[in-house]
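S.K.: To start, I am sharing the structure in question, which I have written as structure tokens.
The values are calculated or read from the model by the stated rules, or taken from the named source; none is laboratory data. Keep in mind the model is a prediction, meaning the values are calculated, not measured. When we count neighbours, we look across all protein chains shown, and the Cβ atoms used for this are built from the backbone with ideal geometry, even at glycine.
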Amino acid sequence: MTYPEFEARWQVSGGAERANYGLFLTDFCDLLGVPRPDATTDDPTQDAYVLERAVTFDNGAGKGTTGRIDLYKRDCFVLETKQGTTKRTTEVQAERAKLGLSNPKLRKGHAVRGTATWQQVMESARQQALGYVRALPASEPRPPFVIVADVGYCIDVYSNFAGVGDNYAPFPDSQRFRVLLPELADEKIRERFQLLFTDPQRLDPARLAAKVTRELAGQLARLSAQLEQANHGTEVVATFLMRCLFTMFAEDTELIPADSFKGLLA
């Protein structure tokens, strides 16, 4: 499925979460080029990647209640869906009321998107997803991601790579954790979601930092060897490279004017 096809199918949806969420998620998989969920079995321990994954909540009195995760993929994520509605729906109904016309029974969804009530609904969905994480059997690891999707509108992403506790933080940060539908046209955004479905640990910032550190260490080692081969003393080379790194840090953190050291090197 191409993004224009995906957008044309879902940007007009609203107000019917239970009817829409399964279709939306399978189309989302097609857009990302990842496998669709498997069929649910009668054994939840076998349901590693399914819609409506059953979990049991322990009420502490020896009895349990059953909850169902909208989309679950073991070792990857717990996903909860909601569906809001646009402000336009409310405006149309108000205008018809002013004209004395009967209002069709339009689906209003959980709340008008962008309002304080809608924000509360999205937070409630996040808490619901965290409850599902806690209800997973002890034999199953806590997934690195919790996702909340407003069908056809946005996808909120939270991560916890430690694998313990409930500290799922906005991912990749508090400014970019909410991905609106049009942003899925960006191939890099889709690639991030592909990894979330297929190899989520590659998105761990700690692993990325370690990879960058190893690459940088290799570059510095080669540069150091070149300078020493040019008859510069080992101690002089080490001191020079340390000063360069500190100056780059000072430039990045704006302790000195932007691009001043980079311009000098050029």
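S.K.: Among the residues of the stretch 242-266, which ones are under 20 Å from Leu220 (Cβ atoms) and touching a helix residue (DSSP H, G or I) at 6+ places or on another chain (Cβ under 6 Å)?
M.R.: Correct list: Thr247, Glu251, Phe261.
S.K.: Could you tell me which residue of the stretch 228-244 is surrounded by the most Cβ atoms within 10 Å (Cβ to Cβ), considering only residues that are farther than 20 Å from Leu265 by Cα and of a type outside the set (Val, Ile, Thr)?
M.R.: Residue satisfying both the conditions and the ranking: Gly233.
S.K.: Can you find a residue in the stretch 170-177 that is assigned to a helix (DSSP H, G or I) and in contact (Cβ under 8 Å) with a residue 12 or more places away in the chain?
M.R.: The first filter runs over the stretch 170-177 and keeps only residues assigned to a helix (DSSP H, G or I), leaving none.
The answer is no, given that none of the residues of the stretch 170-177 is assigned to a helix (DSSP H, G or I) and in contact (Cβ under 8 Å) with a residue 12 or more places away in the chain.
S.K.: Just one of the numbered conditions (1) part of a strand (DSSP E or B); (2) at pLDDT 95 or above; (3) out of contact with any Gly (no Cβ under 8 Å at 6 or more places or on another chain) is not true of Glu123; which one?
M.R.: (1) is the only condition that Glu123 fails.
S.K.: Which residue out of Leu195, Leu227 is in a helix (DSSP H, G or I) and in the same structural domain as Val133 (by TED's automatic domain parsing)?
M.R.: Of the residues listed, the single one that is in a helix (DSSP H, G or I) and in the same structural domain as Val133 (by TED's automatic domain parsing) is Leu195.
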